[in-house]
Amino acid sequence: MKDKLLNKLNTQFKDSIESVSEFRNELTLYIKKDDIVKVCQFLRDDAELRFDSLRDVCGADQFTPNNRFEVIYNLYSLKNKFRLRLKIRVDENDIHVPTVTSVWQTANFEEREVYDMFGIIFDGHPDLRRIYMPEEFEYHPLRKDFPVMGIPGSLPLPRK
Amino acid sequence: MGLMKTDEAFITTKLDEMIGWARKNSLWPMPMGISCCAIEMMSFAGPRYDCARFGSEAFRFSPRQSDLMIVAGTVTYKMSHVVRKIYDQMPDPKWVIAMGACTSSGGIYRTYSVVQGIDLFIPVDVYIAGCPPRPDNLINGLIQIQKKIARGEKPGQSEKVYIQEPSRIHERQTA
Amino acid sequence: MAIGSKQQEARQKILTALENQYTTVTFDDPLENDMVLNMGPQHPATHGVLRLLVRLDGETIVAAVPDLGYLHRGYEKLAENMNYHEFIPHTDRLDYLSPLANNVAYVLAVEKLAGIEVPIRAQYIRVICCELARLASHLVWLGTMAMDVGAVTVLLWGFREREKIQDIWDIFTGVRFTTSFTRVGGLANDMSPEAIAATKIFIDELPASLDECENVLARNRIFIDRCEGIGYVSKEDSIAMGLTGPLLRAVGVDHDLRRDEPYLVYDQLDFHIPVYTDGDVLARFYVRMTELRESIKIIHQALEKMPSGPVNAHEPKKVLPKKERTYGKMEELIHDFMIVNFGINPPVGEVYHAIEASKGELGFYIQSRGDGYPWRLKIRSPSFVNIQSLPMMLRGGLISDVVAVIGSLDPVMGEADK
Amino acid sequence: MLIDYIPIGIMIVFGVAFGVIMSKASEWLGPKNPNDVKQSIYESGMEPVRSARERMSIKYYMVAMLFIIFDIEVVFLYPWAVNFRQLGMFGFVEMFIFIAILMIGFVYLLKKGALKWD
């Protein structure tokens with residue numbers, strides 16, 4: 001299954017795959033940020049691959065000067081019981097990522113969580129709002145430069 | 001109750017002591033169940049630990065009909081406004097039990113979104129340690145509140161009661 | 001002041017999200033006046049602090065927007081500042097209805113990352129722990145869903161059985177349900193013969209009380225009318241929404257991680273995966289009731305096939321030594337000191353491991369840079385994804401069905417809000 | 001003759017007194033200090049988004065009215081059912097006519113679709 005997937009992808013999206021890696025027999029692909037939606041659409045609709053369920057979208061802050069953020073998509077194919085991980089690099093000053101809610105509807109809440117925690121803006125998302133923190137919270141807590149104990153006064157308390 | 005002279009079988013009780021006795025034995029809890037402690041609160045109301053024996057069986061979910069608010073679980077900043085609003089909407093003689101370590105002091109969550117102890121925004125009467133406290137420890141908390149009412153203390157301002165986790169020698173686990 | 005206007009703007013944002021939500025329900029009364037109702041965080045039937053903003057036309061629901069975050073405790077931020085062992089007690093506060101399953105899921109992910117092989121006996125005990133956790137979680141689901149629909153006796157019966165499970169956990173893990181029982185590379189301590197005996201007694205009695213509950217509910221006209229055809233979601237929608245677990249098996253998708261991606265010793269145990277096709281609240285009820293019985297069968301087989309032997313893997317650098325040995329022996333003392341203070345240093349890389357928890361697929365994605373604490377830990381919580389499909393299930397239903405649908409979804413806010 | 005109505009009188013007085021005392025006691029004895037937050041609307045802990053005083057659709061009113069009509073019909077059946085034996089055939093025919101008239105109303109109602117819900 002793995003090599004069928006790889007040569008299918010190499011034929012179709014030769015330039016958009018930056019690198020392929022394998023760790024603990026899990027396949028990870030680095031994809032260019034702009035054509036993530038095309039690749040996901042292909043992976044879902046291809047009759048053989050049928051990656052029809054996106055199990056997890058998660059952000060990561062590598063805290064490096066360029067390409068600081070990462071968005072990780074964990075896919076799963078119900079038909080041939082295969083897991084695949086797509087990763088895209090997002091730079092700090094161009095923090096826009098195309099949304100994949102058009103491909104899988106489950107990405108709606110997951111991308112809102114990544115936006116809430118990292119501040120990565122998903123273009124074309126139906127209603128991009130903070131999901132966990134209240135709206136008046138101006139920081140993005142899961143960034144590495146945000147302290148664990150939070151910033152005092154960032155969240156209001158009701159009076160005693 | 002102040003039994004003055006038993007031989008004459010003549011009970012003179014001050015009116016508020018009688019009301020205190022009535023209030024003590026019918027504390028209707030308002031279960032502010034938020035996280036894991038709520039499951040222990042359900043067991044506290046369940047068939048085995050049965051809080052009905054202490055008169056507080058009727059778990060009222062509307063604040064209008066409840067006297068005792070049991071805050072069970074981690075209170076986050078987003079949830080603190082709701083807890084405060086529900087506390088304000090409860091009719092007057094009202095007591096608060098802070099059940100569990102997270103409620104009393106933020107517990108194991110020293111993070112940006114957790115209020116480190118609900119006494120920052122609500123007057124609390126009884127703090128119960130434990131994560132989650134066992135239901136019998138919650139019953140102990142309920143009895144402390146009943147004692148406070150019997151002593152006629154005003155809710156909220158009187159001295160706080162801290163209940164430690166009972167040191168249980170684990171006799172059943174052999175070897 | 002700034003905060004107040006921000007709150008007004010936030011309320012406006014959620015209202016616009018409610019207004020332009022895709023809906024198939026059209027207003028049938030000419031006045032077109034909808035009522036916006038708030039099933040807020042403090043509500044008896046929302047199973048925790050879930051807030052649901054519902055737009056109604058009379059009694060039928062036009063649109064619904066769940067609002068999460070009332071129990072967001074910052075798990076992932078905490079995990080980045082703790083080493084692997086310190087995070088174990090946090091995992092059983094995630095899905096606090098089946099705590100042992102979270103412990104096992106987290107520890108399996110860390111062992112896959114660090115490449116530790118766990119002895120057979122520990123794997124069998126972990127299977128028993130997972131299945132006991134599934135029983136406990138389904139019993140609370142059965143109780144609360146029946147109570148929401150009106151059958152309060154089943155709640156008390158359910159909790160009577162759950163108390164027995166909590167006694168078993170009390171015996172072999174020492175605490176009622178926040179157990180923190182597994183360790184990286186094994187378990188905290190072995191399952192004592194007394195705990196095995198208590199488990200045997202329990203799983204022999206459970207089928208009788210399950211039949212008792214089922215007789216009260218399954219052929220009860222009111223229960224069937226309250227559950228049949230309510231909260232329907234089609235097969236394509238549920239796959240697109242990423243539903244997993246009982247919700248997926250109720251729409252006819254035969255998917256269960258215990259059989260499709262066998263972990264621990266599930267491949268040596270035979271059990272049946274219940275699949276129903278109606279996709280409504282009643283189908284989910286039957287899926288979970290059959291799962292309860294399957295779990296009993298699994299525990300039976302696991303108890304019989306469990307070999308004796310060590311419970312912790314023999315890797316001094318990565319697995320915590322036995323407590324009493326650290327006082328006597330020098331190497332254990334050093335290893336204990338190193339592991340507790342600097343953590344096990346797994347290789348650089350990332351790993352995603354998922355198990356079949358009672359609510360669906362509970363997965364842990366760990367990125368490590370080789371030092372004692374994870375660089376990034378993401379919890380894929382099934383309740384978070386299941387709640388996302390609530391608006392689709394509620395559309396067109398009556399306001400009183402919201403309670404039955406939330407009951408059938410069985411969300412736990414501890415893991416949904418992370 | 002009047003004597004045997006005394007027990008009923010006592011029972012009525014006792015009933016009314018019990019009801020009044022029970023409801024009014026908490027008002028007299030309980031502390032009262034209302035403030036604006038306490039009087040605010042309870043909507044499970046959140047600010048109510050919109051007032052619930054919307055204009056209801058007509059079907060709720062229809063069902064209520066029809067229920068009252070048919071409930072009164074049942075109330076009339078009770079005295080008939082109690083001394084069904086003494087009334088004999090006359091009572092039966094009388095009640096049959098009464099029910100038939102209401103049945104016409106019920107059929108009309110079904111045809112007009114007043115009870116159609118969604």
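The values are calculated or read from the model by the stated rules, or taken from the named source; none is laboratory data. Quick caveat, the model's predicted, so the values are computed rather than measured. Glycine gets a Cβ as well: all are built from the backbone with ideal geometry, and neighbour counts include every protein chain shown.
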Could you go through segment C:391-405 and let me know if any residue there is farther than 30 Å from residue C:59 by Cβ and either surrounded by 23 or more Cβ atoms within 10 Å (Cβ to Cβ) or under 22 Å from the mean Cα position of the chain (by Cα) (or both). no
Condition first: more than 10 Å from every other protein chain (Cβ to nearest Cβ) and more than 23 Å from residue B:78 (Cα to Cα). Now tell me which residues in segment C:52-65 satisfy that. C:61, C:62, C:63
Could you check residue C:136 against (1) buried (at least 23 other Cβ atoms within 10 Å of the Cβ); (2) outside any helix (DSSP H, G or I) and say which number it fails? (2)
Determine whether segment A:135-158 contains at least one residue that is closer than 26 Å to residue C:362 by Cβ, modelled with pLDDT under 90 and either among the polar types (S, T, N, Q) or surrounded by 16 or more Cβ atoms within 10 Å (Cβ to Cβ) (or both). no
Given (1) within 11 Å of chain B (Cβ to nearest Cβ); (2) free of Cβ contacts under 8 Å to residues at least 60 places away in the same chain, where does residue A:142 come up short, assuming only one miss? (2)
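This table checks each residue for (1) under 17 Å from residue A:132 (Cβ atoms); (2) hydrophobic (A, V, I, L, M, F, W, C); (3) touching a strand residue (DSSP E or B) at 6+ places or on another chain (Cβ under 6 Å).
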residue	(1), (2), (3)
C:350	no, no, yes
C:356	no, no, no
C:359	no, no, no
C:366	no, yes, yes
C:381	yes, no, no
C:388	yes, no, no
C:392	no, yes, no
C:406	no, yes, no
C:417	yes, no, no
Within segment B:49-73, tally of residues that are assigned to a loop (DSSP other than H, G, I, E, B) and without any contact (Cβ under 8 Å) to a residue 60 or more places away in the chain: 11
So residue C:202, is it part of a helix (DSSP H, G or I), within 30 Å of residue C:301 (Cα to Cα) and either within 14 Å of chain B (Cβ to nearest Cβ) or out of contact with any Gly (no Cβ under 7 Å at 6 or more places or on another chain) (or both): yes
Criterion first (surrounded by 12 or more Cβ atoms within 10 Å (Cβ to Cβ) and away from chain C (no Cβ under 14 Å)) does residue D:38 satisfy it? yes
Which numbered condition residue D:17 fails, given (1) at pLDDT 90 or above; (2) over 30 Å from residue B:23 (Cβ atoms): (2)
Qualifying positions in segment B:74-111 - under 24 Å from residue D:37 (Cβ atoms), assigned to a helix (DSSP H, G or I) and touching a residue at least 24 places away in the same chain (Cβ under 8 Å): B:77, B:78, B:79, B:80, B:83, B:84, B:86, B:87, B:103
When segment B:57-68 is checked residue by residue, the ones that are within 16 Å of the chain's Cα centre (by Cα) and either within 12 Å of chain D (Cβ to nearest Cβ) or of a type in the set (Lys, Arg) (or both) are B:60, B:61, B:63, B:65, B:66, B:67
What residue, among those in segment B:74-101 that are within 14 Å of chain D (Cβ to nearest Cβ) and more than 14 Å from residue D:45 (Cβ to Cβ), is surrounded by the most Cβ atoms within 10 Å (Cβ to Cβ)? B:95
Out of the residues in segment B:112-141 that are in a helix (DSSP H, G or I) and of a type in the set (A, V, I, L, M, F, W, C), state the one that is surrounded by the fewest Cβ atoms within 10 Å (Cβ to Cβ). B:120
Going through segment C:150-164 one residue at a time, which ones are away from chain B (no Cβ under 11 Å) and either buried (at least 23 other Cβ atoms within 10 Å of the Cβ) or of a type in the set (Asp, Glu) (or both)? C:154
Check on residue C:147, of a type outside the set (S, T, N, Q), modelled with pLDDT of 90 or more and assigned to a helix (DSSP H, G or I): yes
Name the helices (runs of 4 or more DSSP H) wholly inside segment C:258-375 in which the number of residues that are within 18 Å of the chain's Cα centre (by Cα) is 1 or more. C:281-305
What number of residues within segment D:20-50 are at pLDDT 90 or above and of a type in the set (Gly, Ala, Ser)? 0
Inspect segment C:245-268 for any residue being farther than 21 Å from residue C:138 by Cα, of a type in the set (A, V, I, L, M, F, W, C) and either touching a strand residue (DSSP E or B) at 6+ places or on another chain (Cβ under 6 Å) or modelled with pLDDT of 95 or more (or both) and give the result as yes or no. no
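Okay, residues lined up against (1) at pLDDT 90 or above; (2) away from chain C (no Cβ under 14 Å):
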| position | (1), (2) |
| --- | --- |
| B:13 | no, yes |
| B:27 | yes, yes |
| B:43 | yes, no |
| B:50 | no, no |
From the set of residues in segment C:366-396 that are more than 14 Å from chain A (Cβ to nearest Cβ) and touching a helix residue (DSSP H, G or I) at 6+ places or on another chain (Cβ under 7 Å), which is nearest to residue A:111 (Cα to Cα)? C:394
Please determine, by comparing only the residues of segment C:55-65 that are surrounded by fewer than 23 Cβ atoms within 10 Å (Cβ to Cβ) and in a strand (DSSP E or B), which one is modelled with the lowest pLDDT. C:57
For segment D:42-84 the number of residues that are over 30 Å from residue D:101 (Cβ atoms) and loosely packed, with under 10 Cβ neighbours inside 10 Å is 3
Of (1) out of contact with any His (no Cβ under 9 Å at 6 or more places or on another chain); (2) modelled with pLDDT under 90, residue C:174 satisfies all except one. Which? (1)
Options A:151, A:72, A:120; residue that is of a type outside the set (Lys, Arg), closer than 30 Å to residue B:116 by Cα and away from chain B (no Cβ under 11 Å): A:120
So the check is Cβ under 7 Å with 6+ separation or different chains; which pairs have a first residue in segment A:74-101 that's polar (S, T, N, Q) and a second one that's part of a strand (DSSP E or B)? A:74/A:55; A:74/A:56; A:74/A:83; A:74/A:85; A:74/C:352; A:74/C:365; A:99/A:122; A:99/A:123
Of those in segment C:24-51 that are without any contact (Cβ under 8 Å) to a residue 24 or more places away in the chain and assigned to a strand (DSSP E or B), the residue farthest from the other protein chains (Cβ to nearest Cβ) is C:51
